[in-house]
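Taken together, the values in this text are just the output of simple stated rules run on the coordinates, not laboratory data. What you see is a predicted model, and the numbers here were worked out from it, not measured in a lab. As a convention, Cβ positions derive from the backbone with ideal geometry for all residues, glycine included, and neighbour counts pool all protein chains shown.
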Amino acid sequence: MERKARLRKRMMAKFILSADEIMQKEGFDKITIRNVAKLAGYNSATLYNYFDDLDHLLFYMSMRYLAEYTLRIDRVAKHYTDAYERYMEIWSFFIDQSFEKPKMFYEIFFSPKYRNSLDTTMNDYYTIFPEEWHIEVELVKQMYGGKNIYVRNRVLLDDLVKDRYIQPRDVHRINTGTIYAYQAVLNDLRQDIKFEHFKDELMGIIRFFIKGEWEN
């Protein structure tokens, strides 16, 4: 059983790294099951022993682009003791990271098939690439245990409730509105639709949901 588990990790890593190599050299849209299998030195049938379909492979491969975010978010959570400052700083850094790589982050958090299995996929991914796991802060561990982006943001919003920045009755609407606004901008960016001050506008919306007022 242990030998089989090691083989599975090794094979999945090989296919994930091959997909990433294609992405780096040719672009996200050039990744196919056939191309990945060929680069890894196997046929497509072998790849399907480890991934359900192309979307499943892309979901895992995109996790590689969380590495810097995973490293930095723990530091941010340690540095900021105030719940509101921590919330805004985490969102600011998350936006910076995801807007640089919108296709990968959209695949992770809004994949139609796999968006609700973030917890199990990430647990599996970090057993394959344990060197990428840098989380120590309990709050961040709770975030990473969420099955989707809504559950993850809810962890931070519950922290704001504890510090009396928001009321419990408003958490659901704040969470939904925040994620909808973020998804809309990220979706535009992954289709190469850009507008001026997109981060400032989005941060203003996120701030408004918490404070209930616009900053001049």
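Here are the numbers for the structure shown:
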item: Longest DSSP-loop-exposure-free segment, chymotrypsin sites (Phe, Trp or Tyr not before Pro), the chain, at most 13 other Cβ within 10 Å; result: 1-194
item: Under DSSP loop assignment and at most 12 Cβ neighbours within 10 Å, longest trypsin sites (Lys or Arg not before Pro)-free interval of the chain; result: 1-112
item: Rounded to 10°, Cα long-axis angle of helix 83-100 versus longest principal axis of the chain; result: 40
item: Candidates Ala83, Ala67, Ala184: whichever shows maximal mean-square fluctuation once the chain is modelled as a Gaussian network with Cα springs under 10 Å; result: Ala184
item: Contour minus Cα-Cα distance for Ile193 and Tyr165 (0.36 nm per residue); result: 6.7 nm
item: Spin-label pair Ile135/Asp52, simplified geometry with 7 Å Cα→Cβ offset, distance in nm; result: 2.1
item: Convex hull of the chain built on C-alpha atoms - directionally averaged projected area, nm²; result: 13.1
item: Amide N of region 124-142 lying under 19 Å from the label point, which is placed 7 angstrom from the Cα of Glu68 along Cα→Cβ; result: 131-135
item: Theoretical ellipticity at 222 nm over the chain - DSSP helices of four or more residues, -39500 (n - 2.57) apiece, nearest 500; result: -22000 deg cm²/dmol
item: Net charge dipole size for the chain [Lys, Arg +1 and Asp, Glu -1 on Cβ; Debye, nearest 20]; result: 900
item: Region 95-139: C-alpha gyration tensor shape, a/c 1.5 cut-off, then a/b vs b/c; result: oblate
item: Neighbour-limited loop hits for GluC sites (Glu not before Pro), region 101-165 (at most 12 other Cβ within 10 Å; DSSP other than H, G, I, E, B); result: Glu136
item: Positive dipole terminus of the chain, leading residue within His134, Tyr42, Gln24 (C-beta point charges); result: Tyr42
item: Cα gyration tensor category, rounded, prolate or oblate, for region 101-201 with a/c compared to 1.5; result: oblate
item: Separation in nanometres of the label points that stand 7 Å from Cα toward Cβ, at Arg34 and Leu17; result: 2.6
item: Exposure proxy order (Cβ contacts within 10 Å, fewest to most) of Met11, Met61; result: Met11, Met61
item: Computed lengthening from Asp82 to Lys113, 0.36 nm per intervening residue step minus Cα-Cα distance; result: 7.6 nm
item: Residue exposure sequence - Leu58, Leu71 - by fewest surrounding Cβ within 10 Å; result: Leu71, Leu58
